[in-house]
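Structure record follows, encoded as structure tokens.
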Amino acid sequence: MKFTLSWLKDHLDTEANAEVLADKLSSMGLEVESIDDPGKKLAPFTIARVLEAKPHPNADRLRVCKVDTGSSIVEVVCGAPNAKSGMIGVFASIGTYIPGTGITLEAKPVRGVVSAGMLVSEKELELSDDHRGIIELDAAFADKLGERYADALGLSDPVLDVKVTPNRPDCTGVRGIARDLAAANLGKLKPDKKPTGVGGDYDCPIDIKLELPRHAADACPCFAGRYIRGVKNGAAPAWMQQRLKAVGLRPINALVDVTNYLSLDRGRPLHVYDADKLQGAIRARLGRRGERFLALDGKTYQVDDTMCVIADERAVLGFGGIMGGEETGTTTDTRNVLIECAYFDPLRTAATGRKTGIVSDARYRFERGVDPAFILPGLDLGTGMMLEAAGGEPSRRKVAGAPPETKTVISFSFARVEKFAGIKLPEKEMRATLEALGFAVEGKGGTVKVKAPSWRPDIHGPADLVEEVVRIAGLDKVPSAPMPRASGVAKPVLTETQKRVRHARRVLAARGLVEAVTWSFIPEVQAKAFGGGQPGLELENPISSEMTTMRPSLLPGLLAAVQRNRNRGAADVGLFEVGQAYRGDAPKDQFVAASGVRAGASALAGSGRHWTGAAPEAGLFEAKSDVVALLAGLGFDAGKAQVAGEAPSWFHPGRSAALKLGPKLTLAHFGEVHPVTLELMDVPGPVAAFEVFVEAIPAQTRKSLARPALEAADLLPLRRDFAFLLDAKVPAGDVMRAAMGADKKLIASVSVFDVFEGEALGPGKKSLALEVTLQPRDKTLTDAEIEAVAQRIVAEVKRATGGQIRA
């Protein structure tokens, strides 16, 4: 919200300067983002007269001007085509910084003639884009030679830029800001002047209607208008143009400039139609599918049945409260106009604005909530300003509907201010503050009835009134108080899942993986490929067509990140993410997963190039190693789980597995990603991946958290090899588990060192070779004891898997 200091003083009688006002506004919660004082920027530029302009002796397009600066006569080289003898211009002396070009003037010869300064254009002073010639002032400025240009033209008017929060629609107008400052005793609010001579002596010839269904009656509860005939739509008054330019608006014509000015001055948007272009009655109604119109921004917009539109008998004229149409806009040829002053529902206005992407000053104010009680006064005020700027004869006003009534009355105890904010203020001061802000305070004593003004839709309860009193008194007066310090050691605040997430990040980072943070929203086609895509997980208002569905897995985002890294030259990529994914829209369907991917050479082996040879591609066993390490870091022994070939469809069916506890509880999936899935993601394979379901891991007991005592055996371990003939489908893990269970006290470890399949073994058979390590504890084992353990191993493997020892 931008305004000039002089504009503010139209409403506020104050002697305070811009800096003092800015400090006070910021202390009241209306943060001033900047103060732009053009007077300071234009201070070095003075008014001067060109006494003589003759051709440059060495350049056809340059002139040598003799300039009277008011204190001396100097010679200036000028290339402007309008430089001529007798004209009044703006002069910059040597050493002056030119804001429009970013240069500082120096005394340098220009084609052999040294210029003692410069005659400047509006573009060089950043006043406009006009650079066709130097500034030419009226002859009336001849008696002001040497005076500052900014002072002579009234340009020394600071511009304040206030950041208005969404809950303060009253401060989208200059008068609302002036009201706050007056309540803070930084001036006196000037009385609101009512326009005269705007009633008219004839009826409005254009009928105004509300054609809204009962369920959407609040879309536009009140529509007021007035007809003005015989206008002359030329340029707006110079003072109005100057203020609009100062806040960044381009003057268009008198009628449009009045609507823009009133929107900034009072927070009350108006719209003006060329009445001769309207057909029949004008009405507010809901749009109809298939309708469209060309808006004032030059774009054509589609209409649907949720949008409030303004239309005549023929077509849609614009979106209510957002933007009008080009076809019925005013031009310099306009002679008869209809002024629209209406109230539009903030929620519907905001929804229409989001759908269409239109950002306008009208939408900015209507979606926050304009003052419903200012509809008719706003129409009269706008009429008066248009009559002054463009003339004409006004009609009586025409009103359809009635302004919405505001009846917010709050029972308020002044003691709440000290209780809520810690500030002790006199009751008289608090009452005066509320009344100065427009609140009606009824009753005596400590508890009163407070009625909120119509321009404050953000006031709902006692806490809001406390905020009003405190911010006017000054937020800097709120005392600071230390937070209570807990005695002793603070109690743990992290949940078990939060602890696991922290540990998981450390473990996976230590494995050489780089953490990624990806979007929770993915395309629907990817969601379906990873077991999701249910209707309940689709976003109603996605931020992008590529982010329409909540992710059922972390892997789609990681795979997309792999490809982005490869596109930037990273051939070997290892990434992980710990985050939430979604199986459905119920709370129980949200789960935490720790997932990772390895592409190219395994990150465990380093880069793909090494003097010993090429590192292997990441695959099933690298993914399994990550899972086992992660589970160990979270306090769970993966050896207690079963490996099953039950990985979901996005994994390779023959190069993946699931780690399970019993038939129902799945701890993790790991393996190579299915080639079809990689093709969908546009990622070259192979890629190894894993998913660990953090919340599915059994909780650690106090016993499992304790570190076991160090067991250091004095006796040397013994190793024995076994080769079993098995069905090819028997998992190696089942064989290892059976061998380990033959004697848990004596057998320290079991590992696979060879797998063989061939015709010599027969169809559907394989040979699996195990190395079993025996660790004696109390004594050296005899041959008979070793043989007994070996027999138990063979028997246990045969019982569990049907395997036979190979001769």
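Restricting attention to region 579-589, the residues being in contact with a Lys or Arg (Cβ under 8 Å, 6 or more places away or on another chain) and either among the β-branched types (Val, Ile, Thr) or open to solvent by 10 Å² or more (accessible area, probe 1.4 Å) (or both) number 2.
Taking the criterion of being in a loop (DSSP other than H, G, I, E, B) and under 16 Å from Ile310 (Cα atoms), the residues of region 335-357 that qualify are Phe344, Asp345. Among the residues in region 215-229, are any part of a loop (DSSP other than H, G, I, E, B) and closer than 27 Å to Gly325 by Cβ? Yes, region 215-229 contains a residue that is part of a loop (DSSP other than H, G, I, E, B) and closer than 27 Å to Gly325 by Cβ.
Only residues that are touching a residue at least 40 places away in the same chain (Cβ under 8 Å), small (Gly, Ala, Ser) and touching an Asp or Glu at 6+ places or on another chain (Cβ under 7 Å): list them for region 764-801, please. Within region 764-801, Ala769, Ala800 qualify. Take the conditions (1) touching a Cys at 6+ places or on another chain (Cβ under 6 Å); (2) farther than 20 Å from Glu211 by Cα; Glu327 misses just one of them, which is (1). Going by what's in this entry, would Arg61 be described as part of a strand (DSSP E or B), within 55 Å of the chain's Cα centre (by Cα), among the basic types (Lys, Arg) and under 20 Å from Gly112 (Cβ atoms)? Criteria met by Arg61.
Counting just the residues of region 230-246 that are assigned to a loop (DSSP other than H, G, I, E, B) and surrounded by 18 or more Cβ atoms within 10 Å (Cβ to Cβ), which one comes out nearest to the chain's Cα centre (by Cα)?
Of everything passing the filter in region 230-246, Ala236 is nearest to the chain's Cα centre (by Cα).
Residue pairs whose Cβ atoms lie under 9 Å apart, separated by 6 or more positions or on different chains, with the first residue in region 470-488 and among the basic types (Lys, Arg) and the second at pLDDT below 80 and in a helix (DSSP H, G or I), do not occur.
Among (1) of a type outside the set (Phe, Trp, Tyr); (2) at pLDDT below 90; (3) part of a loop (DSSP other than H, G, I, E, B), which single condition is Ser454 missing? Single failed check for Ser454: (2). Applying the condition of being within 26 Å of the chain's Cα centre (by Cα) and among the polar types (S, T, N, Q) to region 540-564 and asking which residue is nearest to Val627 (Cα to Cα) yields Ser553. When region 693-721 is limited to residues that are assigned to a strand (DSSP E or B) and open to solvent by less than 80 Å² (accessible area, probe 1.4 Å), the one that is modelled with the lowest pLDDT turns out to be Leu718.
Please verify whether Gly382 is at positive phi and either open to solvent by 50 Å² or more (accessible area, probe 1.4 Å) or not in a strand (DSSP E or B) (or both), treating the condition exactly as stated. Spelling it out, it is not the case that Gly382 is at positive phi and either open to solvent by 50 Å² or more (accessible area, probe 1.4 Å) or not in a strand (DSSP E or B) (or both).
Would you check which residues across region 649-689 are outside any strand (DSSP E or B) and surrounded by 15 or more Cβ atoms within 10 Å (Cβ to Cβ) and list them?
Hits for region 649-689 are Trp650, His674, Thr677, Leu678, Leu680, Met681, Val683, Gly685, Pro686.
Rundown of residues vs (1) of a type in the set (S, T, N, Q); (2) farther than 24 Å from Glu785 by Cβ; (3) open to solvent by less than 50 Å² (accessible area, probe 1.4 Å), yes/no style:
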site	(1), (2), (3)
Gly733	no, yes, yes
Pro763	no, yes, no
Lys766	no, yes, yes
Leu774	no, no, yes
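Quick one: would you say Thr332 is open to solvent by 50 Å² or more (accessible area, probe 1.4 Å), outside any helix (DSSP H, G or I) and in contact (Cβ under 8 Å) with a residue 12 or more places away in the chain? So Thr332 passes the test. Quick check: anything in region 561-570 within 30 Å of Ala351 (Cα to Cα) and of a type outside the set (S, T, N, Q)? No, region 561-570 contains no residue that is within 30 Å of Ala351 (Cα to Cα) and of a type outside the set (S, T, N, Q).
The set of residues from region 176-194 being part of a loop (DSSP other than H, G, I, E, B) and surrounded by fewer than 16 Cβ atoms within 10 Å (Cβ to Cβ) comprises Asn185, Lys190, Pro191, Asp192, Lys193, Lys194.
Within region 195-220, residues that are farther than 19 Å from Ile339 by Cα and in the same structural domain as Leu262 (by TED's automatic domain parsing) sit with their Cβ atoms under 9 Å from residues that are open to solvent by 50 Å² or more (accessible area, probe 1.4 Å) and among the polar types (S, T, N, Q), at 6+ positions apart or across chains, in these pairs: Ala216/Thr306.
The values are calculated or read from the model by the stated rules, or taken from the named source; none is laboratory data. As the structure is a prediction and not an experimental result, all values here were calculated from the model. Please note: Cβ atoms are built from the backbone with ideal geometry, for glycine as well, and neighbour counts cover all protein chains shown. All accessible areas refer to the heavy atoms of the entire protein, side chains included, with ligands and DNA or RNA removed. Shrake-Rupley method; radii C 1.70, N 1.55, O 1.52, S 1.80 Å.
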